[in-house]
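S.K.: Sharing a structure below in structure tokens format, with a few things to ask.
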Amino acid sequence: MESEKRMPLSEQQEWSDIIPVTQNDGPNPVVPISYSDEFAETMDYFRAVYLADERSPRSLKLTALAIRLNAGNYTVWQFRRLILEVLNVDLNEELDFVDNIASNNPKNYQIWHHRRWLAEKLGKGSLSRELEFTRTIFFHDAKNYHAWSHRQWVLQNLGGWEDELAYCQKLLEEDVFNNSAWNQRYFVVTKSPLLGGLESMRESEVTYTVETILANPENESPWRYLRGLYKGSMQSLVDDPQVSSVCLKVLTANNYSVFALSMILDLLSHGYEPNQELTHAIEALTSDSQPPDSNVAKRICSVLEKVDFMRVNYWKWRKSSLPAQTV
């Protein structure tokens with residue numbers, strides 16, 4: 001086994017001049033940690049070079065060993081960065097090291113922080129590699145928050161916007177329930193310097209989202225995305241006939257769609273005047289109520305209290321908060 005072949009640092013000539021610094025847990029540690037011999041020795045030697053501020057090739061190798069044993073040690077990563085700067089190491093080789101460490105630690109914050117530092121140093125030359133790296137992460141974990149955050153940082157600071165909307169489209173074709181891909185799509189639509197902003201993209205994005213909702217009406221992500229397309233302009237949401245139309249189509253096919261009902265409720269709360277067809281569809285949902293409520297918004301709340309039991313108190317509160325004049 002690899003552990004059996006390892007030569008202790010204390011037996012290596014390279015480290016013969018170093019006096020290890022043991023961990024100080026105080027005189028009476030309550031629950032002392034049982035470290036492996038390899039880990040304890042590695043950290044003892046690391047503390048020695050760290051306290052001496054030795055920024056040397058052997059210290060760099062020692063940080064690599066320490067990171068492989070514990071990739072979450074912030075101090076080791078920070079000291080490694082100081083060493084890299086002094087030694088003027090090829091940072092592309094350092095990316096190779098990070099690739100290897102990240103393969104077993106894809107959600108380790110310290111790794112992503114280090115990777116961003118490297119990308120800042122390398123600049124646009126690292127663009128393709130960083131985008132490909134995140135794609136690799138998403139292949140195994142499509143919702144890795146660290147990877148998405150890193151990708152957004154790369155786009156904003158290094159570029160690469162040209163194909164990002166198409167990439168989001170590809171991810172959603174593979175899994176339309178991927179809320180991270182929906183979030184990234186919104187990020188691109190609102191932040192990309194190539195697309196003209198939310199208002200320029202709204203019409204085409206609403207069309208795409210409506211089609212997606214009709215194909216999967218119980219998928220919450222496109223409903224939330226649809227709302228986001230009107231962020232800061234609630235009146236535009238109310239006035240767009242595509243919004244009320246998709247709600248009506250979904251309610252006609254699936255009477256108790258929570259997402260369609262809550263969307264209609266929000267429209268009504270902001271001055272929307274429902275047409276006769278939609279009014280009849282809502283009335284049909286509570287045709288057995290005793291007595292029937294003439295207030296459409298209150299009817300919707302009553303239905304939501306029954307079909308969305310987890311938020312029954314919320315819908316009761318919404319009903320009690322409705323103004324008397326609400327349709």
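S.K.: Hand me the list of helices (runs of 4 or more DSSP H) wholly inside the stretch 116-189 holding 2 or more residues that are within 27 Å of Val89 (Cβ to Cβ), open to solvent by 30 Å² or more (accessible area, probe 1.4 Å) and modelled with pLDDT of 95 or more. Talk me through it step by step, then tell me what you get.
M.R.: Working: elements: 127-140, 145-158, 164-174.
Where helices (runs of 4 or more DSSP H) fall fully within the stretch 116-189 and carry at least 2 residues being within 27 Å of Val89 (Cβ to Cβ), open to solvent by 30 Å² or more (accessible area, probe 1.4 Å) and modelled with pLDDT of 95 or more, they are 127-140, 145-158.
S.K.: Let me ask something additional. Taking Ala260 as meeting all but one of (1) under 20 Å from Arg227 (Cα atoms); (2) touching a Pro at 6+ places or on another chain (Cβ under 8 Å); (3) at pLDDT below 90; (4) not acidic (Asp, Glu), write down the number of the exception.
M.R.: (3)
S.K.: Another one. Can you tell me how many residues within the stretch 28-41 are closer than 21 Å to Glu54 by Cα and either touching a Cys at 6+ places or on another chain (Cβ under 8 Å) or in a loop (DSSP other than H, G, I, E, B) (or both)?
M.R.: 0
S.K.: Looking at (1) under 22 Å from Arg55 (Cβ atoms); (2) among the polar types (S, T, N, Q); (3) within 17 Å of the chain's Cα centre (by Cα); (4) modelled with pLDDT under 95, find the lone condition where Asn88 falls short.
M.R.: Asn88 satisfies all of (1) under 22 Å from Arg55 (Cβ atoms); (2) among the polar types (S, T, N, Q); (3) within 17 Å of the chain's Cα centre (by Cα); (4) modelled with pLDDT under 95 except (3).
S.K.: To continue, here is another question. For the structure I just gave you, tell me whether Ser200 is out of contact with any helix residue (DSSP H, G or I) (no Cβ under 6 Å at 6 or more places or on another chain), in a helix (DSSP H, G or I) and more than 21 Å from His280 (Cβ to Cβ).
M.R.: It is true that Ser200 is out of contact with any helix residue (DSSP H, G or I) (no Cβ under 6 Å at 6 or more places or on another chain), in a helix (DSSP H, G or I) and more than 21 Å from His280 (Cβ to Cβ).
S.K.: Here's another thing I want to ask about it. Does any residue of the stretch 93-101 turn out to be more than 26 Å from the chain's Cα centre (by Cα) and either assigned to a helix (DSSP H, G or I) or of a type in the set (Phe, Trp, Tyr) (or both)? It would help to see each step written out before you state the result.
M.R.: Applying the first criterion (more than 26 Å from the chain's Cα centre (by Cα)) to the stretch 93-101 yields 93.
From what is left, the residues that are either assigned to a helix (DSSP H, G or I) or of a type in the set (Phe, Trp, Tyr) (or both) are 93.
Scanning the stretch 93-101 turns up at least one residue that is more than 26 Å from the chain's Cα centre (by Cα) and either assigned to a helix (DSSP H, G or I) or of a type in the set (Phe, Trp, Tyr) (or both).
S.K.: Do any residues in the stretch 4-27 that are within 14 Å of Phe46 (Cβ to Cβ) and in a loop (DSSP other than H, G, I, E, B) have Cβ atoms under 9 Å from those of residues that are open to solvent by 80 Å² or more (accessible area, probe 1.4 Å) and of a type in the set (A, V, I, L, M), where the two are at least six apart or on different chains, and which pairs are they?
M.R.: Qualifying pairs under 9 Å: Val21/Leu51; Gln23/Ile33.
S.K.: Give me the pairs: first residue in the stretch 165-188 and at positive phi and in contact (Cβ under 8 Å) with a residue 12 or more places away in the chain, second residue part of a helix (DSSP H, G or I) and open to solvent by less than 30 Å² (accessible area, probe 1.4 Å), beta-carbon distance under 9 Å, and six or more apart or on different chains, which are they?
M.R.: Listed by first residue and then by second, the contacts come to nothing, as the list is empty.
S.K.: Go through the stretch 81-91 and give me each residue that's open to solvent by 50 Å² or more (accessible area, probe 1.4 Å) and outside any helix (DSSP H, G or I).
M.R.: Asn88, Asp90
S.K.: Which of the residues belonging to the stretch 4-57 are of a type in the set (Gly, Ala, Ser) and either open to solvent by 80 Å² or more (accessible area, probe 1.4 Å) or modelled with pLDDT of 90 or more (or both)?
M.R.: Within the stretch 4-57, Ser10, Ser16, Ser34, Ser36, Ala40, Ala48, Ala52, Ser56 qualify.
S.K.: Grab the helices (runs of 4 or more DSSP H) fully contained in the stretch 223-276, keeping just those with 2 or more residues being closer than 23 Å to Ser204 by Cα and of a type in the set (D, E, K, R).
M.R.: Once the helices (runs of 4 or more DSSP H) in the stretch 223-276 are filtered for at least 2 residues that are closer than 23 Å to Ser204 by Cα and of a type in the set (D, E, K, R), nothing remains.
S.K.: I'm trying to understand the selection: among the residues of the stretch 67-103, which are free of Cβ contacts under 8 Å to residues at least 24 places away in the same chain and hydroxyl-bearing (Ser, Thr, Tyr)?
M.R.: Passing the criteria: only Ser103.
S.K.: While we're here: Return the residues of the stretch 212-222 that are part of a helix (DSSP H, G or I) and open to solvent by 10 Å² or more (accessible area, probe 1.4 Å); say none if nothing qualifies.
M.R.: Residues satisfying the conditions are Thr212, Leu214, Ala215, Glu220, Ser221.
S.K.: While we're looking at this one, here's another question. Quick check on my filter: what residues within the stretch 233-281 are of a type in the set (Ser, Thr, Tyr) and under 33 Å from the mean Cα position of the chain (by Cα)?
M.R.: Of everything in the stretch 233-281, those that are of a type in the set (Ser, Thr, Tyr) and under 33 Å from the mean Cα position of the chain (by Cα) turn out to be Ser233, Ser236, Ser244, Ser245, Tyr256, Ser257, Ser262, Ser269.
S.K.: Among the numbered conditions (1) small (Gly, Ala, Ser); (2) modelled with pLDDT of 90 or more; (3) surrounded by fewer than 17 Cβ atoms within 10 Å (Cβ to Cβ), tell me where Ser287 comes up short.
M.R.: (2)
S.K.: When the stretch 58-80 is examined, which residues are found to be surrounded by 17 or more Cβ atoms within 10 Å (Cβ to Cβ) and among the basic types (Lys, Arg)?
M.R.: Answer for the stretch 58-80, where residues must be surrounded by 17 or more Cβ atoms within 10 Å (Cβ to Cβ) and among the basic types (Lys, Arg): just Arg80.
The values are calculated or read from the model by the stated rules, or taken from the named source; none is laboratory data. Bear in mind the structure is a predicted one, so any value in this text is a computation, not a measurement. Cβ atoms come from the backbone with ideal geometry, glycine included; neighbour counts cover every protein chain shown. Heads up: the accessible areas ignore ligands, DNA and RNA and are worked out on the full protein's heavy atoms, side chains in. Shrake-Rupley method; radii C 1.70, N 1.55, O 1.52, S 1.80 Å.
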